[in-house]
Amino acid sequence: MNLLLTTLYLLAEEAPAKDAPAPPQIIQFLPIIAIVIFFYLIMFRPQQKERARREKALGELKKNDRVVTIGGIIGTIASISDNEQEVVIKIDDNSRLKVRRSAIQGLYEEDKKDSK
């Protein structure tokens, strides 16, 4: 068994190159740089765009907009506080709920299915 491992180790070794110049440092780091750029474009950039879109939508909320909260509560905005951080949502005729503006997921869009 030991002979087999030694043989495989010797076969796996490369013969040292004589007088071969080392590749430039930038070439060695190019794969790492490509991976960082890939992760930025695939993961972080879309997340930043989504966050900016949500912040814009939350900034444009006004009275009588139908919204859904992060918890899934659907209601209509009854009022917005003076500091614009709290929103009162009318859920039913007799029930209102005060939530932070950041707790609103976005505008509520009903699914309209064609009935045949």
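The values are calculated or read from the model by the stated rules, or taken from the named source; none is laboratory data. Just so it is clear, the model here is predicted, and its values are computed rather than measured. A quick note on method: Cβ atoms are made from the backbone with ideal geometry, for glycine too, and the neighbour counts reach across all protein chains shown. For accessibility, only protein heavy atoms count, side chains too; no ligands or nucleic acids. Shrake-Rupley method; radii C 1.70, N 1.55, O 1.52, S 1.80 Å.
On the given criteria, is Ile26 of a type in the set (Val, Ile, Thr), at pLDDT 70 or above and under 30 Å from Gln105 (Cα atoms)?
When the stated conditions are applied, Ile26 does not pass them.
Return the pairs, sorted by first residue and then second, in which the second residue is open to solvent by 90 Å² or more (accessible area, probe 1.4 Å), the first residue lies in the stretch 76-100 and is basic (Lys, Arg), the beta carbons are less than 7 Å apart, and the residues are 6+ apart or on different chains.
Close Cβ pairs satisfying both conditions: Lys90/Arg96.
Applying the selection to the stretch 67-101, what residues are hydroxyl-bearing (Ser, Thr, Tyr) and surrounded by 12 or more Cβ atoms within 10 Å (Cβ to Cβ)? Full working, then the answer.
Here is the first cut: in the stretch 67-101, the ones hydroxyl-bearing (Ser, Thr, Tyr) are 69, 76, 79, 81, 95.
Thr69, Thr76, Ser79, Ser81, listed by residue number.
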